[in-house]
Every structure is written in C-alpha cells, then in structure tokens.
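Enquirer: The structure follows.
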Amino acid sequence: MLTDPKTRYRPYTDASGGWGSAKSVAGIVLREQAVVKIGAALLKQNKPDGFACVSCAWAKPGDTHPMEFCENGAKATAWELTAKRSSPAFFAEHSVSELRGWSAHALEQHGRLTHPLRYNPGTDRYEETGWETAYQEIGASLRALPPDEVVFYASGRASLEASFMYQLLARAYGTNNLPDSSNMCHESTSVGLQESIGVPVGTVTLNDFEHTDCLLFFGQNVGSNSPRMLHQLQEARQRDVPIITFNPLKERGLQEFVNPQSPGEMLGPNSTQISTQYHQVAIGGDTAAIVGVAKALLDLHDAALQRGEPGVLDQAFMAEHTQGGDDFIAYVRRQEWAQIEAITGLKRAAMEATALVYAQSQRVMIVYGMGLTQHRQGVQNVQMLVNLLLLRGNIGKPGAGICPVRGHSNVQGQRTVGISEDPAKVPVELIEQHFKFKVPERMGLNTVDACTAMLDGRVRGFVSLGGNFLRAVPDTGQIEPAWQRLALNVQVATKLNHSHLLPGEQAWLLPCLGRIEIDRQDGVEQSHSTEDSTGCIHGWRGKSEPASEQLRSEPAIIAGLARATLSAEIGIDWDAWRRDYGLIRQAIGQVYPEIFHDFEQRMWEPGGFHRPLGAAQREWATESGRAQFVVPRCLIADDDVSAPYGRRDVLQLMTIRSNDQFNTTIYGYDDRFRGVHGTRSVIFMNADDIVRLGLAGGDWVDVTTAVEPEVERQVGPLQILAYDIPQGCCAAYYPECNPLVPLWHHAERSKVPAAKSIPVTLSLSTATAPGDARPVLITAQR
C-alpha cells in the first residue's frame with residue numbers, strides 16, 4: 001500500500017479536465033526531468049506522422065486536435081521518456097530482496113532499464129549480461145523444458161508485428177500457452193459478442209458518435225481510463241444527446257467536463273454536464289438493471305399497441321435479423337419489480353426513465369467497461385446489453401451499436417493477429433502452409449488456467465512480453481510462492497516491477513524500446529501498427545531517441561529468442577523480419593488476408609483502416625446466421641459467492657483504478673477525482689454501512705475475503721472513507737486488493753477474474769498505518 005506524509009482527503013467538486021488536468025500533466029512532466037523531450041513527443045502523440053499512445057486503446061481520429069492526448073496519455077508518455085535510469089550500477093547497489101520491499105511506484109519511478117540482466121542467486125542481484133549470451137542461454141533452457149510447461153504471456157502494449165511474431169514463436173516451439181491481458185479484462189466481451197452477433201469486438205467507430213441520438217454507459221470510468229472519449233461525449237451533449245449512466249460510483253468524468261484544449265472553457269465559468277441521468281446501480285446489479293429497463297420498455301410497447309399506435313420494439317428488425325427474442329421477452333415479463341429493485345439498489349422509476357428516453361431515440365449506442373466484464377456472469381452481462389440493443393434494432397446502422405472500451409493500447413489487436421490460447425481461433429492451415437511447422441492441437445492455458453497450473457507445478461517456465469503478471473493476477477498470496485518455484489522467468493520490460501523480483505531458478509530482464517522511441521534496425525527506421533478499441537488499424541513510428549544504446553525492439557528480441565530456441569527448419573527468416581518489419585506485415589497479410597490485405601499502404605490512411613465487421617452491416621456470423629437473444633441464467637451477477645449475501649457484516653467490494661494510474665502502473669499517490677491525495681490505503685464505504693458496522697470514518701481496518709475461510713485472504717490496513725456508493729458496497733484499489741480475489745472466482749466461459757464483486761468483511765486493524773502516516777480524512781458524502 002502507498003502512503004506519504006502529505007496524505008489528505010478533500011472532496012473534488014471541479015469538472016474533469018480543465019485546470020486540474022493541466023496541472024497534473026505539468027507536474028509529472030517536471031518530475032520526470034525531461035521537459036523538452038516529453039513536450040516534443042506530446043505534439044506527435046496519436047498523430048498520423050507520430051506514435052500511438054502507450055496508454056489506452058481509445059480510437060485515434062483522422063482529423064486530429066492540435067494536442068491529441070489526454071491527461072493519462074501524457075502521464076504515460078512522461079513515464080516512458082523519463083530521464084531517470086535503472087542501470088547495472090543501480091542493481092549492484094540494491095539486492096533483489098531489498099527491492100522486493102519497495103512499492104510499485106518506487107520501483108518504476110527509478111527509471112528505465114538500460115541493459116540486459118541476469119539474476120545471480122549467489123549475490124541476490126541482477127547483473128549485466130550480453131544480448132547474444134541471453135538469447136543462447138534462454139534458448140537452451142527452453143529446449144530443456146517440455147513446451148506445455150512454458151507460458152508465453154503478452155501484455156497489451158506490443159505492436160501487431162511483435163504480437164504476430166510472438167504467437168508464431170510459441171506455436172513453433174510447441175505450445176498454445178498464450179495468455180494475455182485480455183484474459184483479465186475483456187475476454188467476456190470476446191466470448192459474449194461472438195455468440196450474440198458473430199464478432200468478438202465492438203461495432204461502432206468514432207463516426208457513429210456524430211450520428212447517435214442517445215448513449216448508455218455501463219461500468220466504465222471515462223475520466224480516468226479513456227479521457228480522450230470525453231471529446232466525443234462533449235460534442236454529443238452539445239447536440240443535446242442524452243447520456244444515461246449506470247455505475248456504482250459517481251465518477252467526475254461522467255458528471256462534468258471542461259476541455260483543456262479550449263481557451264474559452266478554461267477561462268470561463270462553464271462546464272459541460274455529461275450524464276443526463278446517473279443511476280448508482282449496486283455492485284453486480286447490471287443484468288437486473290438491464291432486465292428492468294427491458295421490462296419498462298415492454299410496458300411502453302404494450303401501452304402504445306393498446307392506444308392503436310406503433311409499438312416501440314423494432315419487430316421488423318427482430319423478425320428478419322434475430323433469433324430467441326420471444327424467449328427473452330417472456331423471461332423479462334416474468335421478473336418481479338421487487339426482486340429487480342432489491343438486486344440493483346435502484347427504484348423502478350430510474351429504469352422506467354431510462355426506458356422512456358431509449359424508446360424515444362432512434363440511434364442508440366451502449367458503451368461499457370470492466371464494470372460489466374469482471375463478474376461471474378460477465379459474459380451474460382455483455383449479452384444482456386446486446387439484447388437491449390436488438391429490441392430496437394440498434395446494431396448495424398449509423399450512430400448505433402455496442403462499444404466495449406478496451407484498456408491497454410493494443411490488447412484488442414494482438415488477439416486479431418493470433419495471441420490466443422485457443423488454436424481454433426487462428427488460421428492454422430495458413431500458418432502451417434506458410435511457415436512449415438505444425439501448430440499444436442492441444443488447447444493452451446489462459447491466465448486463470450496458467451495460474452492454476454503454476455500452483456500445481458505444471459508450469460515451470462514463463463516468458464513475458466511486457467506487463468506485470470504477478471501483480472495483475474488474482475489470489476496474489478497464493479500465486480507468489482508458486483512463482484518463486486519457476487525454473488525459468490524471462491521478462492521483456494521497460495521498467496522494473498514486482499514480477500521481476502521473485503526470480504525462481506533462472507531470471508532474465510530483457511530491456512526493450514518504448515513505443516515512443518525510434519526503432520532503427522541496421523540503421524533503418526522501422527514503423528509499427530496497432531488496433532484501437534473501435535477495430536481501426538493504424539501505422540505509427542517512434543519519435544524520441546532511445547533511453548540506452550543497449551535497448552532492443554520487441555521484434556528484435558523475439559527474433560533473437562526464436563533463432564536460439566527453434567529448429568532452422570522452421571520456414572521463417574527471423575533475421576530478415578528483424579531487419580524489415582514490412583516483411584512481417586506481408587506475412588500477416590498472407591495469414592489474415594481478409595483483414596490485412598494491402599496492409600503496408602492502408603495502415604497510413606487517416607484514422608486507420610477498419611477491420612471488416614459483419615455485424616456492423618447486419619451480417620451475423622453466428623451458429624443460426626442471426627443475431628442471438630440470450631436468456632439470462634440468473635439475475636445475480638456473482639452467484640458463485642452469493643452464499644454470504646444474507647450476512648449483514650458482508651460487503652461487496654469492487655477494485656478500482658485511481659486517476660494517477662494505468663493498469664498496474666502507479667504514476668503517483670493521488671486520486672484527484674475522488675479527492676484522495678497522498679495514499680492508496682483507503683476503502684470507500686457508504687456512510688450508513690460505516691455506522692451500522694460499528695466503525696467510524698478514519699478507522700483503519702483489515703479487509704478479509706468472506707468465502708473459503710480455510711484460505712486466508714486479507715489486505716490492510718486501509719483507512720475508511722465515507723463516500724457516495726450504494727449501501728452494501730465498497731471499493732478499494734487494484735492491484736493492491738488482488739489478494740482478496742479467489743482464483744476460482746471468475747467469469748463463466750471467459751475466465752475473467754471477478755474483481756468487481758468480492759464479498760468481504762472488515763475488522764479494526766491492530767497494525768500501524770502504512771509508513772506511520774495517518775491521513776486526515778473528511779468523512780462526507782458527495
């Protein structure tokens with residue numbers, strides 16, 4: 001947990017964006033001690049002649065703003081271009097055992113890795129080594145291990161070129177063990193949308209925001225996680241487009257916004273109201289809330305028919321394009337309002353108000369995030385959103401559709417080019433035809449399965465293309481001991497993190513170029529590509545000089561490992577690919593011709609080129625050939641931990657990210673939008689729950705998982721902060737609270753960890769405050 005002596009709480013009443021955003025960006029740019037370098041890079045961020053943001057995957061427009069970056073994107077750029085370094089001298093000074101006690105923020109704040117390193121158990125230190133030595137010794141270790149005992153993990157930051165190479169390396173080696181960060185966030189989307197509408201991704205683009213006449217938001221914090229979307233939301237509100245939000249917490253980005261790029265707004269008193277309705281649904285109540293909206297919609301439909309008017313359902317669309325609608329409608333009609341209200345924590349009137357606006361709108365988009373996917377019934381949650389859209393024909397026309405907001409900058413794209421544990425999801429025949437090796441037939445391991453296999457001793461080697469796997473996964477307290485038993489731990493990284501500090505028998509740190517840095521291969525500058533949240537594929541080039549001459553690009557590192565590990569009979573000239581990334585793109589086009597034909601030219605189109613999505617043209621690649629209504633199995637989103645719900649001392653905890661954070665990367669100790677400064681050691685609670693549990697605002701508590709008592713899962717001490725959150729619910733920060741999430745508590749079929757609903761109990765802590773700093777917290781609802 002993080003705490004510093006300046007800790008305080010002050011309710012944040014300003015709009016998102018505005019001077020608060022400008023001040024935060026200026027602060028981190030100054031802190032990283034590279035003002036000129038960072039400033040020059042920001043002018044090229046998300047531009048056609050520049051680089052794709054290191055942070056989120058939100059769409060890049062063809063017609064760009066003068067400054068096409070948001071607060072968190074600027075923080076990510078500053079974080080990567082920092083002048084600070086973690087050189088071999090740093091590791092000579094600090095043992096791994098010592099560094100293990102540092103906070104995540106302190107580790108990454110020390111700066112960029114500069115040289116390839118190998119762990120020496122005799123000295124308990126990482127020591128400098130040579131690149132070719134690293135490749136050869138890692139290759140020898142990989143050849144000594146059975147392929148299915150090795151995991152090849154990919155974070156969401158790698159380019160399409162690197163991702164394509166990486167999955168070929170794993171499969172040519174002999175395994176489909178290719179978990180990635182999708183497994184921890186939007187795999188529920190990939191499973192749910194594929195079954196319902198025949199594509200695993202969203203159906204809308206930026207252009208649809210210009211044509212929509214209603215937006216529904218579920219479980220997505222745009223102000224912190226994808227702030228550039230606020231431009232589209234502000235423009236929609238300026239056209240009087242209603243935006244209706246369902247979210248347990250009132251997030252500032254979905255309440256008010258001041259555009260930092262507008263001098264008039266920055267100097268004037270006005271802000272833009274974003275949400276026209278804001279419904280604070282209880283944690284896990286999303287399926288029930290959607291059923292409630294659908295039930296109210298059916299009432300409106302029935303009333304219209306009784307008056308002799310056209311109904312509000314698009315029955316012509318449903319008859320031509322869908323299947324299962326009658327069963328879903330019958331299910332909705334059977335549900336009782338009393339149960340819906342009890343599960344959602346909302347009044348019937350709130351869902352009726354939503355239904356009325358929805359019924360009056362002709363082009364509706366639903367935007368959602370991990371607030372829906374990270375539940376036991378996460379797949380069902382996604383499919384329920386699709387059901388709601390299908391009732392009024394809101395898929396496959398301008399201004400309408402489903403919009404999952406992906407997290408990391410290429411997490412969607414790397415799935416598109418083969419990062420998947422399921423060989424059925426890749427074009428096996430084309431891979432085998434072009435590259436002269438047989439793709440393994442056995443299903444590989446996703447993230448949850450990889451953790452289970454690690455606990456069982458069935459995984460002994462781990463290669464990570466970026467990320468901080470050990471901190472990102474659930475059940476951290478159970479996984480850490482297993483991680484230390486690995487025979488081989490290879491980490492491709494830009495900065496130090498905790499996944500590097502439990503080294504096992506062999507551990508290697510291979511420092512790579514950052515996305516913003518110029519990638520020269522034999523003196524020739526290379527270009528890369530990524531896919532954004534809306535399925536548009538963009539080319540980009542790094543613009544800054546590398547942090548060290550010793551850094552290698554991710555494609556170069558993959559090529560080096562492949563040469564040292566695989567048989568020369570594999571039909572891939574890894575060195576040729578390393579010298580010319582155009583050859584990699586040519587190969588991608590051969591394996592995925594429908595998406596990537598003429599790849600080299602199309603990647604430079606303004607705004608990128610859009611991958612073909614049949615559902616956007618009302619072509620449904622489902623088993624029935626139609627869009628599929630799905631009848632929910634139950635209204636409770638987390639039925640696997642529902643047993644203790646009747647206990648009055650049990651709260652449902654959701655993990656959240658702060659305004660000063662991206663995934664496991666902690667930029668600082670502040671969460672400005674929630675009014676918290678100088679700490680992450682807080683738990684947000686409803687004021688009534690605090691009183692009825694015999695606690696007080698400012699108390700320090702230990703938080704314990706309320707199921708499977710034979711396994712101790714506890715986090716703390718955390719300080720109680722009274723906050724505007726539904727009764728029976730609480731929230732605290734990710735990844736610090738990951739130890740509370742049982743590995744088995746995951747979404748059905750997608751296996752996404754259910755980190756948005758964890759049953760917990762609280763007890764007064766006997767430990768001192770972290771760092772002996774005791775924040776002064778004002779306990780006040782907002």
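Enquirer: Would you confirm, using the coordinates I've provided, whether ALA568 is assigned to a loop (DSSP other than H, G, I, E, B), open to solvent by 10 Å² or more (accessible area, probe 1.4 Å) and in contact with a Ser or Thr (Cβ under 9 Å, 6 or more places away or on another chain)?
Expert: No; evaluated as a whole, the condition is false for this residue.
Enquirer: Out of (1) more than 19 Å from ARG112 (Cβ to Cβ); (2) open to solvent by 10 Å² or more (accessible area, probe 1.4 Å), the odd one out for ILE558 is which?
Expert: So ILE558 meets the others, but not (2).
Enquirer: Another one. Within the range 579-603, count every residue that is open to solvent by 50 Å² or more (accessible area, probe 1.4 Å), in a helix (DSSP H, G or I) and not hydrophobic (A, V, I, L, M, F, W, C).
Expert: 7
Enquirer: Can you work out which of the residues in the range 253-296 that are touching a Lys or Arg at 6+ places or on another chain (Cβ under 8 Å) and among the aliphatic types (A, V, I, L, M) is farthest from ALA236 (Cα to Cα)?
Expert: My answer is ILE283.
Enquirer: Scan the range 597-612 residue by residue and report those that are touching a residue at least 60 places away in the same chain (Cβ under 8 Å), charged (D, E, K, R) and in contact with a helix residue (DSSP H, G or I) (Cβ under 9 Å, 6 or more places away or on another chain).
Expert: Those that are touching a residue at least 60 places away in the same chain (Cβ under 8 Å), charged (D, E, K, R) and in contact with a helix residue (DSSP H, G or I) (Cβ under 9 Å, 6 or more places away or on another chain): ARG602, ARG611.
Enquirer: State yes or no: is LEU390 open to solvent by less than 10 Å² (accessible area, probe 1.4 Å), in contact with a His (Cβ under 9 Å, 6 or more places away or on another chain) and in a helix (DSSP H, G or I)?
Expert: When the stated conditions are applied, LEU390 passes them.
Enquirer: If you don't mind, there's one more thing I want to ask. Contact list please: Cβ distance under 6 Å, first residue in the range 370-385 and assigned to a helix (DSSP H, G or I), second residue among the basic types (Lys, Arg), pairs at least six apart or on different chains.
Expert: GLY371/LYS756; VAL379/ARG749
Enquirer: In addition: Kindly provide the set of residues from the range 190-199 that are aliphatic (A, V, I, L, M) and open to solvent by 20 Å² or more (accessible area, probe 1.4 Å), ordered by number.
Expert: If the condition is that a residue be aliphatic (A, V, I, L, M) and open to solvent by 20 Å² or more (accessible area, probe 1.4 Å), then VAL191 is the only one that fits.
Enquirer: Oh, and also: Pairs please, first residue from the range 26-38 and within 15 Å of GLU545 (Cβ to Cβ), second anywhere and exposed (fewer than 15 other Cβ atoms within 10 Å of the Cβ) and aliphatic (A, V, I, L, M), Cβ atoms under 9 Å, 6+ apart in sequence or on different chains.
Expert: ALA34/ALA83; LYS37/ALA83
Enquirer: I'd like to check something: does the range 655-678 contain any residue that is within 23 Å of LEU455 (Cβ to Cβ), more than 19 Å from the chain's Cα centre (by Cα), in a strand (DSSP E or B) and among the polar types (S, T, N, Q)?
Expert: No, because not a single residue in the range 655-678 is within 23 Å of LEU455 (Cβ to Cβ), more than 19 Å from the chain's Cα centre (by Cα), in a strand (DSSP E or B) and among the polar types (S, T, N, Q).
Enquirer: Can you tell me which of LYS495, LYS436 is touching a strand residue (DSSP E or B) at 6+ places or on another chain (Cβ under 7 Å), surrounded by fewer than 24 Cβ atoms within 10 Å (Cβ to Cβ), basic (Lys, Arg) and touching a residue at least 24 places away in the same chain (Cβ under 8 Å)?
Expert: From the options LYS495, LYS436, the qualifying one is LYS495.
Enquirer: Being open to solvent by less than 20 Å² (accessible area, probe 1.4 Å) and not aliphatic (A, V, I, L, M) is the requirement here; does PHE662 meet it?
Expert: Spelling it out, it is not the case that PHE662 is open to solvent by less than 20 Å² (accessible area, probe 1.4 Å) and not aliphatic (A, V, I, L, M).
Enquirer: When you scan the range 39-49, do you find a residue that is touching a strand residue (DSSP E or B) at 6+ places or on another chain (Cβ under 8 Å), touching a residue at least 12 places away in the same chain (Cβ under 8 Å) and assigned to a helix (DSSP H, G or I), even just one?
Expert: yes
Enquirer: Please report, ordered by residue number, the strands (runs of 3 or more DSSP E) entirely within the range 694-773 with at least 1 residues that are open to solvent by 20 Å² or more (accessible area, probe 1.4 Å) and of a type in the set (A, V, I, L, M, F, W, C).
Expert: 758-764
Enquirer: Select from the range 610-637 the residues that are touching a Phe, Trp or Tyr at 6+ places or on another chain (Cβ under 9 Å) and of a type outside the set (A, V, I, L, M) and list them in ascending order.
Expert: Answer for the range 610-637, where residues must be touching a Phe, Trp or Tyr at 6+ places or on another chain (Cβ under 9 Å) and of a type outside the set (A, V, I, L, M): ARG611, GLY614, ARG618, ARG626, GLN628, PHE629, PRO632.
Enquirer: Restricting attention to strands (runs of 3 or more DSSP E) lying wholly within the range 236-340, give those where 3 or more residues are of a type in the set (A, V, I, L, M, F, W, C).
Expert: In the range 236-340, 243-246 are the strands (runs of 3 or more DSSP E) which contain 3 or more residues that are of a type in the set (A, V, I, L, M, F, W, C).
Enquirer: While we're on this one: For THR287, are the conditions met, namely being in contact with a strand residue (DSSP E or B) (Cβ under 6 Å, 6 or more places away or on another chain), of a type in the set (Ser, Thr, Tyr) and either closer than 19 Å to ASN394 by Cβ or touching a residue at least 24 places away in the same chain (Cβ under 8 Å) (or both)?
Expert: When the stated conditions are applied, THR287 does not pass them.
Enquirer: Being farther than 20 Å from MET384 by Cα and outside any loop (DSSP other than H, G, I, E, B) is the requirement here; does ARG648 meet it?
Expert: Considered against the rule, which asks whether it is farther than 20 Å from MET384 by Cα and outside any loop (DSSP other than H, G, I, E, B), ARG648 comes out as no.
Enquirer: Something else about it: Show the residue pairs that are 6+ apart or on different chains and have beta-carbon atoms under 7 Å apart, the first residue being within the range 323-343 and at positive phi, the second being of a type in the set (Phe, Trp, Tyr) and surrounded by fewer than 18 Cβ atoms within 10 Å (Cβ to Cβ).
Expert: Listed pairs, sorted by first residue: none to list.
Enquirer: Six or more apart or on different chains, Cβ atoms under 7 Å: show the pairs whose first residue is in the range 159-185 and modelled with pLDDT of 95 or more and whose second is β-branched (Val, Ile, Thr) and open to solvent by 10 Å² or more (accessible area, probe 1.4 Å).
Expert: Within 7 Å, the pairs are LEU168/ILE572; ALA172/ILE570; TYR173/THR565.
Enquirer: Next up: When both residues are 6+ apart or on different chains and their Cβ atoms are under 8 Å apart, which pairs have a first residue that lies in the range 613-628 and is more than 26 Å from LEU206 (Cβ to Cβ) and open to solvent by 40 Å² or more (accessible area, probe 1.4 Å), and a second that is among the polar types (S, T, N, Q) and in a loop (DSSP other than H, G, I, E, B)?
Expert: Filtered contacts from the range 613-628: GLN628/THR622.
Enquirer: Restricting the search to the range 66-84, which residues are open to solvent by less than 10 Å² (accessible area, probe 1.4 Å) and hydrophobic (A, V, I, L, M, F, W, C)?
Expert: Scanning the range 66-84 gives ALA74, ALA76, ALA78, LEU81.
Enquirer: Counting only residues that are touching a residue at least 24 places away in the same chain (Cβ under 8 Å) and either touching a strand residue (DSSP E or B) at 6+ places or on another chain (Cβ under 6 Å) or within 16 Å of PRO742 (Cβ to Cβ) (or both), how many does the range 473-486 have?
Expert: Residues in the range 473-486 being touching a residue at least 24 places away in the same chain (Cβ under 8 Å) and either touching a strand residue (DSSP E or B) at 6+ places or on another chain (Cβ under 6 Å) or within 16 Å of PRO742 (Cβ to Cβ) (or both): 9 in total.
Enquirer: Determine which single condition LEU298 fails, assuming it passes every other condition in (1) open to solvent by 10 Å² or more (accessible area, probe 1.4 Å); (2) at pLDDT 95 or above; (3) not aromatic (Phe, Trp, Tyr).
Expert: (1)
Enquirer: Just to be sure before I move on: is ARG633 within 30 Å of LEU249 (Cβ to Cβ), part of a loop (DSSP other than H, G, I, E, B) and free of Cβ contacts under 8 Å to residues at least 60 places away in the same chain in the structure I sent?
Expert: When the stated conditions are applied, ARG633 does not pass them.
Enquirer: Give the range 200-223 a look and list any residue that's open to solvent by less than 10 Å² (accessible area, probe 1.4 Å) and of a type in the set (A, V, I, L, M, F, W, C), or say none.
Expert: Hits for the range 200-223 are VAL201, VAL204, PHE209, CYS214, LEU215, LEU216, PHE217, PHE218, VAL222.
Enquirer: Just wondering, is there one or more residues in the range 160-179 that are in contact with a strand residue (DSSP E or B) (Cβ under 7 Å, 6 or more places away or on another chain) and over 30 Å from GLY589 (Cα atoms)?
Expert: Within the range 160-179, none of the residues are in contact with a strand residue (DSSP E or B) (Cβ under 7 Å, 6 or more places away or on another chain) and over 30 Å from GLY589 (Cα atoms).
Enquirer: Just give me the residues in the range 515-537 being at pLDDT 95 or above, in contact with a helix residue (DSSP H, G or I) (Cβ under 7 Å, 6 or more places away or on another chain) and of a type in the set (Asp, Glu), in sequence order.
Expert: Answer for the range 515-537, where residues must be at pLDDT 95 or above, in contact with a helix residue (DSSP H, G or I) (Cβ under 7 Å, 6 or more places away or on another chain) and of a type in the set (Asp, Glu): just ASP522.
The values are calculated or read from the model by the stated rules, or taken from the named source; none is laboratory data. Please read these numbers as outputs of a predicted model, since none were measured by experiment. Cβ: placed from backbone, ideal geometry, glycine included. Neighbour counts: every protein chain shown. These accessible areas exclude ligands, DNA and RNA; they are computed on the full protein's heavy atoms, side chains included. Shrake-Rupley method; radii C 1.70, N 1.55, O 1.52, S 1.80 Å.
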